[in-house]
Each structure stands twice: as structure tokens, then as C-alpha cells.
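Down below is the structure, laid out as C-alpha cells.
We did not get these values from a lab; they are worked out from the coordinates using the rules stated. Since the structure is predicted, the reported quantities are computational estimates derived from the model, not experimental observations. Glycine also receives a Cβ, built like all others from the backbone with ideal geometry; neighbour counts cover every protein chain displayed.
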Amino acid sequence: MNPIKRLTKEIISFRNRRKWKQFHNPKDVSLSLVLEATEVMEHFQWKSPEEMKVYVKKNKQAISEELADVLYWVLLLSHDLNIDIEKALDRKIEINNQKYPVKKSKGKHTKYTEL
């Protein structure tokens, strides 16, 4: 079993053992995803690049746990909506390759509509 499928299976098992599916509608799961993403952001808020380097070294475990929470909700939502997240990501990468060809976008932060 590939890692994404294994992790999704573990997440669903975790949820099912607790009978939490009743609370997991797309709106609330997506809200949880956003809330966890903001917890990642909080680690970097108001820090200069130098402060962030030091902070990350000291707080890598806490940051990794917040990133894991984000992934948890992504996998749960994709499962519940019957979205193959691996295929979706592959497709999105291809779309981004078309939007941002290396020749036009290399070294630039310009939005694709402005390239």
C-alpha cells in the first residue's frame, strides 16, 4: 500500500473508532483544515528571516505536528469527497507547468496571467 493510502486508512480508522464521522461534513472539515494551516502560520508571524531560522531549529517538532494536522484534514476531506488526492496533485502539477513555463517564469514571482 502506498503511503497516502496507508495514512488515509489510518485516519479513517481513527475517526471511525471514535464515531466522529457524524461531525465531519465538508464545511467543518475544510474549516478545520484552514484553522490548522493558520496554526502553521503562527509559528512564523512577526519573525524576520534570521529569527525564523533560529525558531525553526528550536521548534521543528511543533511545526511538524501542525503540518501533519493540515495533511490529516486534506486526506480526510479528499477521502470523504471521493477525490483521488494523488491524481489531483499530479494534475495540478501539470496545470502549473503549463501556466508557469520555465522559460517565462524562472526566477520570477509574477502571476501566470502577467507572464
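Report yes if residue 12 is part of a helix (DSSP H, G or I), under 23 Å from residue 87 (Cα atoms) and in contact with a Lys or Arg (Cβ under 9 Å, 6 or more places away or on another chain), otherwise no. Judged against the criteria, residue 12 is a match.
Residues that are assigned to a helix (DSSP H, G or I) and in contact with a helix residue (DSSP H, G or I) (Cβ under 6 Å, 6 or more places away or on another chain) occur at least once in segment 39-46. Filtered by the rule that a residue be among the aromatic types (Phe, Trp, Tyr) and either loosely packed, with under 12 Cβ neighbours inside 10 Å or in contact with an Asp or Glu (Cβ under 7 Å, 6 or more places away or on another chain) (or both), segment 35-85 gives 46, 73. So is residue 62 free of Cβ contacts under 8 Å to residues at least 24 places away in the same chain, closer than 15 Å to residue 4 by Cβ and of a type in the set (Gly, Ala, Ser) or not? Taking the combined requirement at face value, the residue does not satisfy it. Is one or more of the residues making up segment 60-76 in contact with a Phe, Trp or Tyr (Cβ under 7 Å, 6 or more places away or on another chain) and at negative phi? No, segment 60-76 contains no residue that is in contact with a Phe, Trp or Tyr (Cβ under 7 Å, 6 or more places away or on another chain) and at negative phi.
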